[in-house]
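Report on the structure given below.
Nothing in this text is a laboratory measurement; each read-out follows from the coordinates by a stated rule. This structure is a prediction, so every number in the text was calculated from the model and none was measured. As a convention, Cβ positions derive from the backbone with ideal geometry for all residues, glycine included, and neighbour counts pool all protein chains shown.
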Amino acid sequence: MSEEQRYRSRTPASARYFEEARRYLPGGDSRSTLFYPPYPAVLDRGEGCRLVDLDGNRLLDFTGNHSVLAHGYLEPAVMLAIRRQLERGSCFPGPTEPQLRLARHLVERVGSLERVRFTNSGTEAVMMALRAARTFTGRRKVAKLEGGYHGTSEDVTGTTHPELVLLPANDAGGAVAILEREARELAALLVEPVQGSAGMIPLDAGVLRALREATRRLGIVLVFDEVVSLRIAYGGAEEHYGVSPDMTCLGKVVGGGLPLGAFGGREDIMSLFDPSLGPPAVPHPGSYNANPVSLAAGLATLELLTRDVIERLNLLGARLRSELKRAFDEAGVPAAITGLGSLFGIHATDGPVRTIRDAARGNAELRHRIFLGLYNEGVLVDPRGVGTLSTAIGEAEIERLLEAVRTVLSRNR
Ligand SMILES: Cc1ncc(COP(=O)(O)O)c(C=O)c1O
């Protein structure tokens, strides 16, 4: 039986859901990255690192909702913080205490953040950071690295967008040459220190240092998109790499499982948002900005994500990456394993993976069979072959994942 046949036989309720959902929603869903053929499994509930789908299949979750959930589902302290805030009200026409608490936590935690503001998503955080950079520099264009994903705003998606300049990833010389050529028009350089959507590909420290040096010299605002990478060190990827940006965008983990984004950085840039001295240079209204329930969930989550906890998670991540490589090698299936800290990526390719172009050379059909195979074995990873560890995961769950990988590889060489 093929992996797809197995999958179909395990998920008839999800199949029925999609048949109906397609009548109301294009493709049957509202989040394009979650789609995979023949249809995505519909998820019903979760606790810790365990999920149950609509058919009652039990799954070990190695996604944490694609790096959102640092502590898995229904973490008690996070749930308590949410409940306590909900009892006071879900949103207000004025500032709230959770905003001050999370802002203080982030500014004390992330070295480059002198001031911060809250949005509803990582997408909005990036949009606002870019607006600030444009106003601050008086320039229009934005540069990003190939393979970087920064949400769904028009500014950062199209490769043909006339105001978007694409730089090669993990190639300091190539990137700096383009920055120098375009500098007079470039407001910002947007960098994802670990390229999550490209397949959890960490950038080289030397590349980040070169980009920092060039942007400082050329007056370009360096923006780190740490929506995914914040979790790799207490103070984020900037602390891990020892490279400090001018601005930083956050999301996912900072909302503790509820919608939240944040952006911040240098005080002189962030003061563009200050309305206390007259109309702000960059307005930032929004009915749900700094939603107190999300802020409370985010603070509870980050308070549990201490230096020690991150160190333990990262050790588990390092062990998983080396054991995954061994499992593929022993099965005789070429693979490159990428990642950093609690992030990992599996690429069905025999070369090293340092850029999205390397990742694209992988065997997509085999990757998909492995993904469905793991689902059939009760393990959920991202359909793109990447995953994230949460603190709800321990040695036993890592063993289960490795065992599932070995079983699936033995069926799909
Ligand atoms: C690096 C990065 N930036 C920005 C975003 C956008 O965040 P959101 O999905 O909250 O809009 C994502 C989402 O996956 C991301 O991975």
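Side notes on the structure shown:
- Listed residues 179, 286, 269: farthest to the positive end of the dipole of segment 76-304 (Cβ charges): 286
- Each stretch of four or more DSSP H residues adds -39500 (n - 2.57); spread over every residue of the chain, this sum gives -13000 deg cm²/dmol at 222 nm.
- Angle in degrees between helix 205-218 and the longest Cα principal axis of the chain, rounded to the nearest 10: 20 degrees
- Distances between placed amide hydrogens fall under 5 Å for residue 188 paired with 143, 221, all partners being 5 or more residues away or on another chain.
- Charge tally in the Cβ shell below 13 Å around residue 45, where Lys, Arg are +1 and Asp, Glu are -1, residue 45 excluded: -3
- Helix 172-182 vs. the chain, principal-axis angle (Cα, 0 to 90°, nearest 10): 40 degrees
- 0 to 90° range, to nearest 10: angle between helix 307-331 axis and the chain longest Cα axis: 40 degrees
- C-alpha center-to-center spacing [segment 81-136, segment 333-387] in angstrom: 33 Å
- Per-residue HN-Hα couplings for segment 361-369 [Karplus 6.51, -1.76, 1.60; θ = phi - 60°; Hz; x = Gly/Pro]: 6, x, 7, 5, 5, 5, 4, 5, 5
- In order along segment 36-45, the phi-based Karplus estimate (6.51 cos²θ - 1.76 cosθ + 1.60, θ = phi - 60°) of 3J(HN,Hα) comes to 8, x, x, 6, x, 6, 8, 9, 9, 7 Hz; Gly and Pro are listed as x.
- Taking amide H positions as modeled 1.01 Å from N, with prolines and chain starts lacking one, the residues under 5 Å from residue 119 and 5 or more places away or on another chain are 261, 262, 263, 290.
- Ordering 252-265, 342-355 by mean Cβ neighbour count within 10 Å, with the highest value first, yields 252-265, 342-355.
- When peptides 14-24, 126-136 are ranked by their average number of other Cβ atoms within 10 Å per residue, the highest-first order is 126-136, 14-24.
- In terms of its alpha-carbon gyration tensor, segment 76-304 comes out prolate; a/c meets the 1.5 threshold, and the first ratio a/b outweighs b/c.
- Prolate/oblate/rounded call for segment 332-413, Cα gyration tensor, a/c under 1.5 rounded: oblate
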